[in-house]
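Enquirer: The structure under discussion is supplied below as C-alpha cells; questions concerning it will follow.
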Amino acid sequence: MKLEMRGLSIDWLIEIIHLCIERIVIVDHNGIIVYIDEAYCEFIGTTFDDAVGRPVQEIIENSRMQIVAKTGEKEIEHLQPINGSVMIANRYPIFIDGKLVGAVGTVIFPDPDNLRHFKNKMSNLLEELNFYKNKAVNELTSKYSFDDLIGNSQAFIEAKALGEKVAGNESSVLVTGESGTGKELFAHAIHQNSMRSHFPFIAINCASIPEVLFESELFGYEDGAFTGAKKGGKEGLFKVANKGTVFLDEIGDMPLSMQSKLLRALQEKEIQPVGGQKTIPIDLRIIAATNRDLTKMVEDGTFRQDLYYRLNVINIEIPPLRDRKEDIAAISKKLLQKLERKFYRKGTVLSPKVVMRLEGHKWPGNVRELENVLERAINVLDGTVIKSEHLPLYIRDQEINQREEEFSMAESTSTLDLPAVKPLKVTIARAEKRAITHALEIAGGDKLAAAKLLGIGKTSFYDKCKIYEIR
Ligand SMILES: Nc1ncnc2c1ncn2[C@@H]1O[C@H](COP(=O)(O)OP(=O)(O)OP(=O)(O)O)[C@@H](O)[C@H]1O
Ligand SMILES: [Mg+2]
C-alpha cells in the first residue's frame, strides 16, 4: 500500500524545498535535470527554464548526479567545488517500486563548525591523493646502475665499491647520508646488480604515507577490512615486490607502531593483510635509507633498536658533496649531459671560474642542489659556456656574502656604532623567513626537501610558509 500525503499539492512541496537550507536538484535515470530549486539556479547563474531538460553535468560544475542515477549508489558528504566555493554534497538514488528512476542531490555551504570538520577531512584526502600520486611515479623497476654513480673521490669510490660488493648477497642494506647525496641512486644500483634484478624494485617513501594507511599499503587488506576499502581487497606493496627488492626510503620517518609490524614481517618472512586471518609468505630484500641519525633516534626511543640492527646489516654512508669537492666537476659534466637532453642542447661546458665557484660552495643540498643550479644556468644560457653570471646570486656572491657576514658581525660587536635594536620577535622572524627562502632556493622549490634541509617537519614548514607568505 502506498502512503499518500492527503491534500499536499505540488506548490506545497516546492515551498517546502525553498525553506530547506539545502539546495536541491533532481535528475532522471539519464542524468537529465527534472527539477532544480530557484536558489540553486541563482547560485550557479542559470534559470529553472534553462536548466530543466539539460544533462546535469552541463549545468552544475563537478556534478556526479548522472553517475548516481546510473549506479544507484548513494554518495554522502562529498566535497564539491562549485563557483569557487566548496560545497558539501549528498547524492541519493531514487528507487520507485524497486526500480532506479533517478537521483536527488543536495548541497549546502558548510557552517563554521562543520567547516572545520570538512577541512580536516579535505586535508586528509589531499594527503592521501598526494601519496597515491607519488606512488604512481615511484612504483617502477630500478632505473639506475652503478655506472650512473659518478665520482672519483676516495670516499665515493669506497662507498660505491662496498655497494657493488654487497649487491649480490641477500643482506639488508642501510644507506645513510645527507639529503641529495644520492641514496636512492645507490638503492637502484644495488637492486640492478643483484640476483633479484628481474623481479620488482618497489620504492616506498615512508615520510609520505599517512600513518593510518601504512599497514594496508605495505601488507594489503582483505575484502571489507574497513569502510572505504576496495571490494575484493588489495595486495600490499610487500606482496607486489615479492622476490624483488623493497626500498624503504626515509625509514627514520616510519611511526613506531609501524616499526614493530615491519620488524615482525621481516623476522617471520610473512605478512598478514589487514582484516585477514591467513598469512602470506614473502621473499624480499630490504634496502633502507635515511638522512636522519638513526643511532640518536634509537637512544631517544623514537626508533626501535631491534629494527635498526636488522636493517643496518651493511651500512653504506655516502659522504656529503662538500667533503668530496674533487667530484664536483665530473658530476656536473654528467648532470649537464642529462640536462642537455632535456633542453635540446649540445656542447655545454663550464668556464674554469664557474668550476672554482662550484667547488667553493658548501652544498647543503648536495648533488640535488648542484643539479638545480645547473638547470637554472642552462635555462638562462645563450651560448654554450656557463659563466659566473649564469649562477644564482647566492653562489656567485659567496665571497661577498662572507665578507658582509664578517662585517656585520664586527659591526654588531662594535660599541661605537651599534645597529638599531629591533624587538627579538621581529629579528627571529626575519631570520626564519630568510632561512626558509634560502632552503627553498637550494632545494629548487621542492618543499619537502627544503623542510628536510631545515630539519623541520613538513606541516610546520607549510605553516611557516603561510605565515611568511612564501609562495
Ligand atoms: N654520484 C652521483 N652521480 C650522478 N648523479 C647523482 C649522484 N648522486 C646524486 N645524483 C643525482 O642527485 C639527485 C638526488 O639524488 P637522490 O634522490 O638519490 O638523493 P637522496 O640522497 O635520496 O636525497 P633525499 O635524502 O633528499 O631523498 C638525483 O637527481 C640523482 O640523479
Ligand atoms: Mg631520497
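The values are calculated or read from the model by the stated rules, or taken from the named source; none is laboratory data. Quick caveat, the model's predicted, so the values are computed rather than measured. Counting neighbours? That spans all protein chains shown, and the Cβs are built from the backbone with ideal geometry, glycine included. Just the protein is used for accessible areas: all its heavy atoms, side chains included, with ligands, DNA and RNA removed. Shrake-Rupley method; radii C 1.70, N 1.55, O 1.52, S 1.80 Å.
Enquirer: Could you give me the residue pairs with C-beta distances under 8 Å whose first residue belongs to the stretch 39-64 and is surrounded by fewer than 19 Cβ atoms within 10 Å (Cβ to Cβ), whose second residue is part of a loop (DSSP other than H, G, I, E, B) and among the β-branched types (Val, Ile, Thr) wherever it lies, and which are 6+ apart or on separate chains?
Expert: So the pair list comes out as 44/60.
Enquirer: Could I ask something else about it? Taking the criterion of being without any contact (Cβ under 8 Å) to a residue 40 or more places away in the chain, open to solvent by less than 10 Å² (accessible area, probe 1.4 Å) and within 16 Å of ligand 1 (Cβ to nearest atom), would at least one residue in the stretch 282-304 satisfy it?
Expert: Within the stretch 282-304, none of the residues are without any contact (Cβ under 8 Å) to a residue 40 or more places away in the chain, open to solvent by less than 10 Å² (accessible area, probe 1.4 Å) and within 16 Å of ligand 1 (Cβ to nearest atom).
Enquirer: Working only within the stretch 156-176, note down all residues that are without any contact (Cβ under 8 Å) to a residue 40 or more places away in the chain and under 24 Å from residue 330 (Cβ atoms). Steps first, answer last, please.
Expert: If we filter the stretch 156-176 for residues that are without any contact (Cβ under 8 Å) to a residue 40 or more places away in the chain, which is where we start, we get 157-158, 160-161, 164-165, 167-169.
Scanning the stretch 156-176 gives 157, 158, 160, 161, 164, 165, 167.
Enquirer: Can I ask one more? Does residue 336 satisfy being in the same structural domain as residue 212 (by TED's automatic domain parsing), of a type in the set (A, V, I, L, M) and either out of contact with any Leu (no Cβ under 9 Å at 6 or more places or on another chain) or in a helix (DSSP H, G or I) (or both)?
Expert: no
Enquirer: In the set 294, 248, 266, which member is in the same structural domain as residue 196 (by TED's automatic domain parsing) and away from ligand 2 (no atom under 16 Å from the Cβ)? Even if it seems obvious, please write down each step before you answer.
Expert: Values: 294 fails: away from ligand 2 (no atom under 16 Å from the Cβ); 248 fails: away from ligand 2 (no atom under 16 Å from the Cβ).
Answer to the check: 266.
Enquirer: Where in the stretch 377-471 are the helices (runs of 4 or more DSSP H), entirely inside, with at least 1 residues that are over 30 Å from residue 251 (Cβ atoms) and modelled with pLDDT under 85?
Expert: Numbers: elements: 393-396, 398-413, 424-442, 447-454, 458-467.
Of the helices (runs of 4 or more DSSP H) lying wholly inside the stretch 377-471, those with at least 1 residues that are over 30 Å from residue 251 (Cβ atoms) and modelled with pLDDT under 85 span 393-396, 398-413, 424-442, 458-467.
Enquirer: Considering each residue of the stretch 355-372, count those that are among the β-branched types (Val, Ile, Thr) and either assigned to a loop (DSSP other than H, G, I, E, B) or at pLDDT below 95 (or both), and give that number.
Expert: Step one: filter the stretch 355-372 for residues among the β-branched types (Val, Ile, Thr), giving 355, 367.
Add one more test, that the residue is either assigned to a loop (DSSP other than H, G, I, E, B) or at pLDDT below 95 (or both), and what stays is 355.
Total satisfying the criteria: 1.
Enquirer: Moving on to the next point. Six or more apart or on different chains, Cβ under 9 Å: which pairs go from a residue in the stretch 352-379 that's in the same structural domain as residue 437 (by TED's automatic domain parsing) to one that's open to solvent by less than 10 Å² (accessible area, probe 1.4 Å) and not β-branched (Val, Ile, Thr)? Could you list them?
Expert: Here the result reads none, with nothing in the stretch 352-379 linked to a residue that is open to solvent by less than 10 Å² (accessible area, probe 1.4 Å) and not β-branched (Val, Ile, Thr).
Enquirer: Still on this structure, please answer the following. Mind telling me which of the residues 170, 215, 164 ends up being open to solvent by 40 Å² or more (accessible area, probe 1.4 Å), out of contact with any helix residue (DSSP H, G or I) (no Cβ under 7 Å at 6 or more places or on another chain) and among the acidic types (Asp, Glu)? Give the derivation first.
Expert: Numbers: 215 fails: out of contact with any helix residue (DSSP H, G or I) (no Cβ under 7 Å at 6 or more places or on another chain); 164 fails: out of contact with any helix residue (DSSP H, G or I) (no Cβ under 7 Å at 6 or more places or on another chain).
The conditions single out 170.
Enquirer: Would you be able to tell me the number of residues in the stretch 417-444 that are in contact with a helix residue (DSSP H, G or I) (Cβ under 8 Å, 6 or more places away or on another chain) and within 19 Å of residue 371 (Cα to Cα)?
Expert: Looking only at that region, the number is 7.
Enquirer: Separate question: Going by the conditions given, is residue 32 loosely packed, with under 11 Cβ neighbours inside 10 Å and in contact (Cβ under 8 Å) with a residue 12 or more places away in the chain? So that I can check it myself, show each step before the final result.
Expert: On the way: loosely packed, with under 11 Cβ neighbours inside 10 Å: no; in contact (Cβ under 8 Å) with a residue 12 or more places away in the chain: yes.
Here the answer is no, as residue 32 does not meet what is asked.
Enquirer: Next question. Any idea how many residues of the stretch 297-314 are more than 16 Å from ligand 2 (Cβ to nearest atom) and either small (Gly, Ala, Ser) or touching a Ser or Thr at 6+ places or on another chain (Cβ under 6 Å) (or both)?
Expert: Taking the stretch 297-314 first, the residues more than 16 Å from ligand 2 (Cβ to nearest atom) are 297-310, 312-314.
Checking the rest, the ones that are also either small (Gly, Ala, Ser) or touching a Ser or Thr at 6+ places or on another chain (Cβ under 6 Å) (or both) come to 301, 313-314.
Number satisfying all stated conditions: 3.
Enquirer: Could you figure out which of (1) free of Cβ contacts under 8 Å to residues at least 24 places away in the same chain; (2) under 29 Å from the mean Cα position of the chain (by Cα); (3) not assigned by TED's automatic domain parsing to the domain that holds residue 289 isn't true of residue 389?
Expert: Checking residue 389 against (1) free of Cβ contacts under 8 Å to residues at least 24 places away in the same chain; (2) under 29 Å from the mean Cα position of the chain (by Cα); (3) not assigned by TED's automatic domain parsing to the domain that holds residue 289, the one that fails is (2).
Enquirer: Related question: From the list 145, 123, exactly one residue is away from ligand 2 (no atom under 16 Å from the Cβ), under 30 Å from residue 458 (Cβ atoms) and at pLDDT below 95. Which is it? Spell out how you get there, then give the answer.
Expert: Details: 145 fails: under 30 Å from residue 458 (Cβ atoms).
The unique qualifying residue is 123.
Enquirer: Among (1) polar (S, T, N, Q); (2) open to solvent by 40 Å² or more (accessible area, probe 1.4 Å); (3) within 11 Å of ligand 1 (Cβ to nearest atom), which single condition is residue 197 missing?
Expert: With respect to (1) polar (S, T, N, Q); (2) open to solvent by 40 Å² or more (accessible area, probe 1.4 Å); (3) within 11 Å of ligand 1 (Cβ to nearest atom), residue 197 is out only on (3).
Enquirer: Of all the residues that make up the stretch 200-223, how many are away from ligand 1 (no atom under 16 Å from the Cβ) and not in a helix (DSSP H, G or I)? It would help to see each step written out before you state the result.
Expert: Of the stretch 200-223, the ones away from ligand 1 (no atom under 16 Å from the Cβ) are 200, 210-223.
Checking which are not in a helix (DSSP H, G or I) leaves us with 200, 210, 220-223.
The total comes to 6.
Enquirer: Something else about it: Inspect the stretch 344-364 for any residue being among the acidic types (Asp, Glu), closer than 20 Å to residue 177 by Cα and crowded, with 19+ Cβ neighbours inside 10 Å and give the result as yes or no. Working first, answer last.
Expert: We begin by selecting, within the stretch 344-364, every residue among the acidic types (Asp, Glu); these are 359.
Among the residues that remain, those that are also closer than 20 Å to residue 177 by Cα are: 359.
So of that shortlist, the ones also crowded, with 19+ Cβ neighbours inside 10 Å come out as none.
No, the stretch 344-364 has no match at all.
Enquirer: Still on this structure, please answer the following. How do the pairs read when you match residues in the stretch 191-220 that are at pLDDT 90 or above with residues anywhere that are in a strand (DSSP E or B) and open to solvent by 40 Å² or more (accessible area, probe 1.4 Å), using Cβ under 7 Å and keeping only pairs 6 or more apart or on different chains?
Expert: Cβ pairs passing all conditions: 220/234; 220/235.
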